[in-house]
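The values are calculated or read from the model by the stated rules, or taken from the named source; none is laboratory data. What you are looking at is a predicted structure, and each value in this text was computed from that prediction instead of being measured. Cβ placement follows ideal geometry from the backbone for every residue including glycine, while neighbour counts extend to all protein chains displayed. Calculation scope for accessible area: heavy atoms of the full protein, side chains included, ligands and nucleic acids excluded. Shrake-Rupley method; radii C 1.70, N 1.55, O 1.52, S 1.80 Å.
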Amino acid sequence: MPEESAKRLAIISTHGTLDMAYPPFILSTAAVAMDMEAAIFFTFFGLEILKKGRIDKLKVSPVANPAMPMKIPNIIAMLPGMTPLATIMMNSWMRKAKVPKLSELLETAQDMGVRLIGCQMTMDVMGVKKEDLIDGIEIGGAATFLEFASQNAITLSF
Amino acid sequence: MSDLKADLTLDNSGLSCPMPIIKTKKAMDGMKVGEILKMVATDPGSVSDIQAWVKKTGQELLGQETEGEKFVFYIRKAK
């Protein structure tokens, strides 16, 4: 590996939605497979991903999401039942393409040593306790993430 | 290419990104330097991904071929 090549991947996850939860796990596990270190900092709504039993229940909204293959106007997309419908459709596309479930990617990430950091400040704001979150994660703040990211890292936000 | 003798064969058929490179990495970790891994995948993205993976990890891609819908890679553990 060339010396100037980045050795770390530091990701900030701020959206607790199905579509936005995938890239951090795909990229961080791939990074470790490429002999890099990886960390994901889950903050604001991203913390939802780390809540016990939540990861396979994340949803995708069809509202203000013009890239959804299911073309429906916002006025209809906002009706009750449309978000669950969009979620069922997206999950079925993912299954068909044999993309692992988020819980499987999470397990792979933990096995491979990806650092999963839950944001303490978000926990305080949203009233989330450590026991509400899955086992084996770290709790930390901005400095925890920045210390990791400050050393030869690629940084991304989702 | 198929005259290369693989020490281990890993079939990643049906798996999508990022699983082929993750499983390749895990398989390589258990091999000795100099040994050859034959990796089979059906994900078309793996053609580009394996090239990027060997470049970053310092392993050696001896060659690749296509067998129908399958992509076959021969990778030598260089370090």
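Using a cut-off of 9 Å between beta-carbons, work out the net charge of the residues near A:Arg115 (Lys and Arg +1, Asp and Glu -1, A:Arg115 not included).
Numbers: positive: none; negative: A:Glu37, A:Glu138.
Within the 9 Å Cβ shell, the charges total -2.
³J(HN,Hα) across the stretch B:60-75 via Karplus (A = 6.51, B = -1.76, C = 1.60, θ = phi - 60°), whole Hz, x for Gly/Pro?
Residue by residue, the stretch B:60-75 yields 10, 8, 6, x, 9, 8, 10, 10, x, 9, 9, 9, 10, 10, 10, 10 Hz.
Which of rounded, prolate or oblate describes the protein assembly as shown when judged by the alpha-carbon gyration tensor and an a/c cut-off of 1.5?
Working: a/c = 2.48, a/b = 1.44, b/c = 1.72.
Here the protein assembly as shown falls in the oblate category.
For each pair in A:Lys101/B:Lys55; B:Lys38/B:Lys70; A:Lys59/A:Lys98, compute the distance between the two Cα atoms and list the pairs where it is over 21 Å.
Details: A:Lys101/B:Lys55 29 Å; B:Lys38/B:Lys70 12 Å; A:Lys59/A:Lys98 19 Å.
Checking Cα-Cα distances, A:Lys101/B:Lys55 exceed 21 Å.
Go through the stretch A:136-153 residue by residue and turn each phi into a ³J(HN,Hα) via Karplus (6.51, -1.76, 1.60, θ = phi - 60°); whole Hz please, and just put x for glycine and proline.
For the stretch A:136-153, the Karplus-derived couplings read x, 9, 9, 10, x, x, 4, 5, 4, 5, 5, 4, 5, 6, 6, 10, 6, 10 Hz, x marking Gly and Pro.
Which value at 222 nm does chain A reach when only helices count, each DSSP H run of 4 or more adding -39,500 (n - 2.57), with the total divided by all residues and rounded to the nearest 500 deg cm²/dmol? Walk me through the intermediate numbers first.
Numbers: 6 runs with 61 residues, N = 158.
Counting only the DSSP helices, I get -11500 deg cm²/dmol.
Where a Cα-Cα gap under 19 Å defines reach, which aspartates and glutamates qualify for A:Lys71, not counting those fewer than 8 residues away within the same chain?
A:Asp19
Taking θ = phi - 60°, what integer Hz values does the Karplus form 6.51 cos²θ - 1.76 cosθ + 1.60 yield along the stretch A:85-101, in sequence order, with x for Gly and Pro?
With coefficients 6.51, -1.76 and 1.60, one gets 5, 4, 5, 4, 5, 5, 4, 6, 5, 5, 4, 4, 7, 6, 7, x, 5 Hz.
Using helices alone, I'd like the mean residue ellipticity at 222 nm for chain B: each DSSP H run of four-plus residues gives -39500 (n - 2.57), total over residue count, nearest 500.
For chain B, the value works out to -9500 deg cm²/dmol.
Can you tell me the FRET efficiency between A:Ser92 and A:Phe45 if r is taken as the Cβ-Cβ distance and R0 is 25 Å, rounded to the nearest 0.05?
After rounding to 0.05, the efficiency reads 0.55.
Quick one: if you stick a label point 7 Å off each Cα along the C-beta vector at A:Ile139 and A:Ala6, how many nm between them?
About 3.0 nm separates the two model spin labels.
Describe numerically, in nm with one decimal, the distance between label points set 7 Å from Cα along Cα→Cβ at A:Met78 and at A:Ser61.
Distance between the two pseudo-spin positions: 1.1 nm.
Sequence-distant or interchain residues sharing an amide H contact under 5 Å with A:Lys59, placed H: which?
Sorted by chain and number, the residues that satisfy this are A:Leu18.
Within the accessible area of the stretch B:8-76, what % is carbon and sulfur when the probe is 1.4 Å and the other protein chains stay in place?
Taking all protein chains in place, the stretch B:8-76 shows 52 percent carbon and sulfur surface.
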